[in-house]
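One structure is given here, and the rest of the page talks about it.
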Amino acid sequence: MISFNDILEARERIKKQIIKTPTTYSSTLSSMVKCNVYLKLENLQLTGAYKVRGALNRLEKLSDKEKENGVIASSAGNHAQGVALAAKKLGIKATIVMPETTPLSKIQGTKKFGAEVILHGNVYDEAYEKARELQKDGGKTFIHPFNDHDIIAGQGTIGLEVFEEIEDIDIVVIPIGGGGLISGCALALKTLKPTIRIIGVEATQMPAMKTSIENGKITTISKAKTIADGIAVTTIKENTFEMVQKYVDEIVTVSEAEIAHAIMMLLEVEKVLTEGAGACAFAALASGKIADIKSKNVGIIVSGGNLDLNFLSKVIERGLTADGRRCNLKIVVPDSPGVIADITKTIAKHGANILEIHHNRNFANTHLGETTVNFSLETKGHQHIEEIIESLRTSEYKLTRE
């Protein structure tokens, strides 16, 4: 395992080349979850994620010959950009293999730093195997995203900053993919204050670390899609597995809906844009997955903010629907003049805004003389929606909420 001194040395090695990201206290989020919430905003780091810390530490330690031969890496996005930027700073040629499912924003971000990008496979593990194959043929140095002492030490510098920036810290919540981030941070934090609780968070869809810890051995899990693509790993590795066993107190999982809701909450309340993986730590806190937090000082690692804007729009729409601020109503009505006007008057009386109306006369599965009308509404919460529905039902319309 790496040592605490490795992390201290990493900080000295990279401190002039990274941003010391802010840690902010949120009074609004704190009141919502009944503890003192501090956000470590690594989404504001160079490349929009923490990964550049480990990449810089690793590449700085390459020999002159290794730098001349270049480096190759595999990544779902953020490690790719971290390696690409670090390589550009040091004048090293970089090749990055990324899954074909990687968001466009991360592919473009990687190319922007001058790296050659190769798309291969549907998940990280397939991209990893391809990168290893290319490495053997070309003599480049492979830069592992998490199973590397120098990478882990670089990520651990976040733990040093969190400890210095949050007075009397009690709990730190950290997302887990391969485990490099939580391994380095947990080592740093537990060394500085052994009583700190370290909570790891994975997507329910892909809990590789949690499954392995519960089984007492590294266990490969099935591939699955998750909006937390940055932590979608099917197989962890020995370095991070051993460190998580030793330093992490608990691992919890969060659902896709909980992650999406956390993205929206952070954006709306704190004006913090975070990707799926970056929102996982807060998602665990907001959804009540972490016990014994009342009045505690809780640090949340917001690990990245490279979210594709097309995907963001979908997250917002679904989040608004889950909060009762968007609603779709399907109403079967008599196919006669004035009926839709009556419905819109009822909706207007309750203060809802009609975003869209779709009138399906020819293809609706209704009786002759009836038609189906779909209303998309902007509403003020679930209670408001129920009031609208109750008022429409008194007019004996056949109504369903979609």
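See the values below:
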quantity: Output for segment 87-129, where each listed residue is assigned to a helix (DSSP H, G or I) and open to solvent by less than 80 Å² (accessible area, probe 1.4 Å); calculated: Ala87, Leu90, Ser105, Lys106, Ile107, Gly109, Thr110, Tyr124, Asp125, Glu126, Ala127, Tyr128
quantity: Test: residue in segment 1-15 that is open to solvent by less than 10 Å² (accessible area, probe 1.4 Å) and of a type in the set (Gly, Ala, Ser); calculated: yes
quantity: Tabulated pairs, segment 356-373, first over 16 Å from Tyr397 (Cα atoms), second small (Gly, Ala, Ser) and modelled with pLDDT of 85 or more, C-beta under 7 angstrom, 6+ apart or interchain; calculated: Glu356/Ser376
quantity: Failed criterion for Lys210 (all others in (1) touching a strand residue (DSSP E or B) at 6+ places or on another chain (Cβ under 6 Å); (2) assigned to a helix (DSSP H, G or I); (3) surrounded by 24 or more Cβ atoms within 10 Å (Cβ to Cβ) hold); calculated: (3)
quantity: Set Val333, Val315, Val298: member being open to solvent by less than 30 Å² (accessible area, probe 1.4 Å), part of a strand (DSSP E or B) and within 30 Å of Gly82 (Cα to Cα); calculated: Val298
quantity: Candidate set from segment 336-366 (those that are among the polar types (S, T, N, Q) and over 20 Å from Glu387 (Cα atoms)); member that is most open to solvent (accessible area, probe 1.4 Å); calculated: Asn365
quantity: Where a residue in segment 41-70 is open to solvent by 10 Å² or more (accessible area, probe 1.4 Å) and its partner, wherever it lies, is among the acidic types (Asp, Glu) and in a helix (DSSP H, G or I), with Cβ under 7 Å and at least six apart; calculated: Tyr50/Glu42; Arg58/Asp150; Lys61/Asp150
quantity: Number of positions in segment 213-236 that are among the β-branched types (Val, Ile, Thr), within 21 Å of Met264 (Cα to Cα) and open to solvent by 30 Å² or more (accessible area, probe 1.4 Å); calculated: 1
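Residue-wise test of (1) at negative phi; (2) outside any helix (DSSP H, G or I); (3) open to solvent by 10 Å² or more (accessible area, probe 1.4 Å).
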site	(1), (2), (3)
Gln155	yes, no, no
Phe163	yes, no, yes
Val172	yes, yes, no
Cys185	yes, no, no
Ala188	yes, no, no
Thr191	yes, no, yes
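The values are calculated or read from the model by the stated rules, or taken from the named source; none is laboratory data. The structure displayed is predicted, hence computed values, not measured ones. Here Cβ is always computed from backbone atoms with ideal geometry, including for glycine, and neighbour counts include all displayed protein chains. In case anyone asks, the SASA skips ligands and DNA or RNA and just uses the protein heavy atoms, side chains included. Shrake-Rupley method; radii C 1.70, N 1.55, O 1.52, S 1.80 Å.
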